[in-house]
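Data first, discussion second: the structure below is written as structure tokens.
The values are calculated or read from the model by the stated rules, or taken from the named source; none is laboratory data. In this text, all values refer to a predicted model and were calculated from it rather than measured experimentally. Because the Cβ atoms are built from the backbone with ideal geometry, glycine has one as well, and the counts that use them run over all protein chains shown.
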Amino acid sequence: MGKFAKWIGGGLGFVFGGPIGGLLGFFIGSFVDGTTVTRMQSGSSRNYRTTPGDFGMSLIILIAAVMKADGKVVRSELDYVKRFFVSQFGPDTAQEALQMLRDLLKQDIPLRDVCSQIRNNMDYASRLQLIHILYNISAADSRFEQAETNMIRSIADMLGISATDYESIRNMFIPATDASYRILEVERSATDEELKRAYRKMALKYHPDKVGHLGEDFRKTAEEKFKAVNEAWDKIKKERNIV
């Protein structure tokens, strides 16, 4: 599988079994001889740090689910996803990820079971990052299909993402009224001091180091999320003349 193996990092963890393992059986099997595979029992993940392999394979399954949301997959969507993969991960990894995605698009995805497996085994910061990337890809063609955004919302719910965290990420891509405040998870009526505290809290929550264990490939999108928080804060500071 060439450079795709770098996503595996220290080995596959929770994705080796369960519904995710069933969907990715062929691809996971190709790593068994050359990669150290760690096994986990369901519910034993409280002290477990998600590996790049766990995250990458979970991400591709969720991308497939979003792409299938409107009942059809067109070539332009695959082209957008390919460009995203290339820009984030390089051409070699992108080609192999796309091969996996094409296979998944032909399968029925037990999404609730997949999300349950991810929720039970993946840390919260990494799950937030999954939602951010799904919106990032959905935004690739500069328009948002309702079926896709509805699917991302459903995935967020099934992953245990809080409503405020979901709205924060959504407003980075689909600005609503008071989007900058929503990104910081506060109301417009918040005081300047409350806003400063909110900014510090969100800057910590979305700092790229929170998902540093996912490796450099996924750090790029984490930096984009962190940048959106800072841009929201800068806009509010300018609006309110906060020093």
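Exactly one residue out of Ser189, Ser162, Ser168 is farther than 26 Å from Gly13 by Cβ and without any contact (Cβ under 8 Å) to a residue 24 or more places away in the chain: that is Ser189. Every condition in (1) farther than 23 Å from Phe85 by Cα; (2) assigned to a helix (DSSP H, G or I) is met by Ala222 except one, and the failing one is (1). Close Cβ contacts (under 6 Å, 6 or more residues apart or on different chains) running from residues in the stretch 14-27 that are over 15 Å from Ser116 (Cα atoms) to residues that are in a helix (DSSP H, G or I) comprise Leu24/Met57; Phe27/Met100. Across the stretch 147-178, which residue is nearest to Pro110 (Cα to Cα) among those that are among the small types (Gly, Ala, Ser) and surrounded by fewer than 19 Cβ atoms within 10 Å (Cβ to Cβ)? So, considering only residues that are among the small types (Gly, Ala, Ser) and surrounded by fewer than 19 Cβ atoms within 10 Å (Cβ to Cβ), the one nearest to Pro110 (Cα to Cα) is Ser154.
Inspection of the stretch 180-195 identifies at least one residue that is in a helix (DSSP H, G or I) and either at positive phi or of a type in the set (S, T, N, Q) (or both). Within the stretch 221-235, being of a type in the set (Asp, Glu) and over 17 Å from the mean Cα position of the chain (by Cα) holds for Glu231, Asp234.
Residue-wise test of (1) in contact with a helix residue (DSSP H, G or I) (Cβ under 7 Å, 6 or more places away or on another chain); (2) surrounded by 18 or more Cβ atoms within 10 Å (Cβ to Cβ); (3) among the small types (Gly, Ala, Ser).
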{"residue": "Ala198", "(1), (2), (3)": "no, yes, yes"}
{"residue": "Gly215", "(1), (2), (3)": "yes, no, yes"}
{"residue": "Val229", "(1), (2), (3)": "yes, yes, no"}
{"residue": "Ala232", "(1), (2), (3)": "yes, yes, yes"}
{"residue": "Lys237", "(1), (2), (3)": "no, no, no"}
{"residue": "Arg240", "(1), (2), (3)": "yes, no, no"}
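Considering only the stretch 199-218, I want to know if a residue exists there that is β-branched (Val, Ile, Thr) and over 16 Å from the mean Cα position of the chain (by Cα). Checked the stretch 199-218: no residue is β-branched (Val, Ile, Thr) and over 16 Å from the mean Cα position of the chain (by Cα). Considering the stretch 63-80, the residues that are outside any loop (DSSP other than H, G, I, E, B) and not charged (D, E, K, R) include one that is farthest from Ile133 (Cα to Cα), namely Ser76. Taking (1) on the phi < 0 side of the Ramachandran plot; (2) more than 15 Å from the chain's Cα centre (by Cα); (3) part of a loop (DSSP other than H, G, I, E, B) in turn, Val86 satisfies each apart from (3).
Results for (1) over 13 Å from Leu62 (Cβ atoms); (2) surrounded by fewer than 21 Cβ atoms within 10 Å (Cβ to Cβ), shown as yes or no for each residue.
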site: Ala97; (1), (2): no, no
site: Arg102; (1), (2): yes, yes
site: Asp108; (1), (2): yes, yes
site: Arg112; (1), (2): no, yes
site: Asp123; (1), (2): yes, yes
site: Leu134; (1), (2): no, no
site: Ala139; (1), (2): yes, yes
site: Glu145; (1), (2): yes, yes
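Residues in the stretch 60-82 that are surrounded by fewer than 15 Cβ atoms within 10 Å (Cβ to Cβ) and either in contact with a His (Cβ under 6 Å, 6 or more places away or on another chain) or closer than 25 Å to Ile118 by Cβ (or both): 1 in all. What about Met40, is it at pLDDT 85 or above and not hydroxyl-bearing (Ser, Thr, Tyr)? No.
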